[in-house]
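Every number here is computed from the coordinates shown, using simple stated rules; none is lab data. These figures come from a predicted structure and were not determined experimentally. All Cβ positions, even for glycine, are placed from backbone atoms using ideal geometry, and neighbour counts span all protein chains on display.
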Amino acid sequence: MSAKKRGPDGDPILFTFFNEIGIIDQLARARLDRGLPDELRASHFIVLNHLVRMGDGKSPVALARAFQVTKGAITNTLQRLEARGLIALSADPDDGRGKRVTLTAAGRRMRDQSILQLWPAFADLAPVATAAEIEAVLPLLRRIREHLDRARDRDPA
């Protein structure tokens with residue numbers, strides 16, 4: 001990709017691309033917060049969804065790294081999810097000081113219910129982008145996400 005390629009606003013095309021994704025993320029999270037059931041917040045849903053997609057048994061530190069948030073932020077989110085019975089925290093069998101996060105059946109149901117309940121929050125996109133158009137961009141978005149995941153995982157910080 002050429003560093004000289006410019007978007008319609010004159011900024012480098014790669015910046016314009018990620019700027020659009022960032023704005024979409026902000027707007028989508030606001031809709032997500034408004035559309036989630038039972039006072040669930042976007043940060044809670046994202047953890048539940050991650051545990052469904054990637055499997056559970058991860059440490060809070062691994063989750064904080066995956067979401068690129070502080071240990072304190074993920075601890076707060078996990079405590080709220082545990083208090084609602086959506087996850088279970090247990091001792092790490094490999095490290096007595098550590099914990100492991102497990103999705104409960106109630107947590108899986110809440111994640112699935114959330115997806116169903118979110119449909120109205122995003123239904124107005126139907127005239128803007130067809131399912132086929134959205135499906136067509138998914139491979140590109142997935143490749144970019146996978147590349148950024150690998151780069152994050154290589155970063156020693």
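Here is the P(r) of the stretch 31-119: all C-alpha pair distances, binned every 5 Å from 0, give 3, 15, 27, 26, 18, 8, 3, 1, 0 in whole percents. Which whole-number percentage describes the relative contact order of the chain, with Cα contacts under 8 Å and a sequence gap of 6 or more? RCO, the chain: 20 percent. Among Asn76, Asn49, Asn19, the largest mean-square fluctuation in a Gaussian network model of the chain, built with springs joining Cα atoms closer than 10 Å, belongs to Asn19.
Less than 5 angstrom separates the built amide H of Lys58 from those of Val101, all sequence-distant by 5 or more or on a different chain.
Helix 42-54 axis versus longest C-alpha principal axis of the chain: approximately 80°, rounded to the nearest ten. What do you get for the angle between helix 13-35 and the principal long axis of the chain? Use alpha-carbon atoms, 0 to 90 degrees, nearest ten. The two axes meet at around 50 degrees.
Asn19 sits among other residues whose Cβ lies under 14 Å from its own Cβ, and their net charge, with Lys and Arg +1 and Asp and Glu -1, is -3. Residues whose amide H lies under 5 Å from that of Thr104, counting only those 5 or more places away or on a different chain, are Ile87, Ala88; hydrogens are built 1.01 Å from N in the peptide plane.
Using the alpha-carbon positions of the chain, Rg (one decimal) and Dmax (whole number) come out as 18.1, 55 Å. Between Trp119 and Ala73, what length comes free when the chain is fully extended (0.36 nm per residue of separation minus the Cα-Cα distance, one decimal in nm)? Here the segment from Trp119 to Ala73 would lengthen by 13.8 nm.
Applying the Karplus relation 6.51 cos²θ - 1.76 cosθ + 1.60 with θ = phi - 60° to the stretch 66-76 yields 3J(HN,Hα) values of 4, 8, 6, 10, 6, 4, x, 5, 6, 4, 4 Hz, where x marks Gly and Pro. When shorter helices are ignored and each DSSP H run of at least 4 residues is given -39500 (n - 2.57), the per-residue value for the chain at 222 nm works out to -21000 deg cm²/dmol.
At an R0 of 35 angstrom, the distance between the Cβ atoms of Arg84 and Arg154 translates into a FRET efficiency of 0.50.
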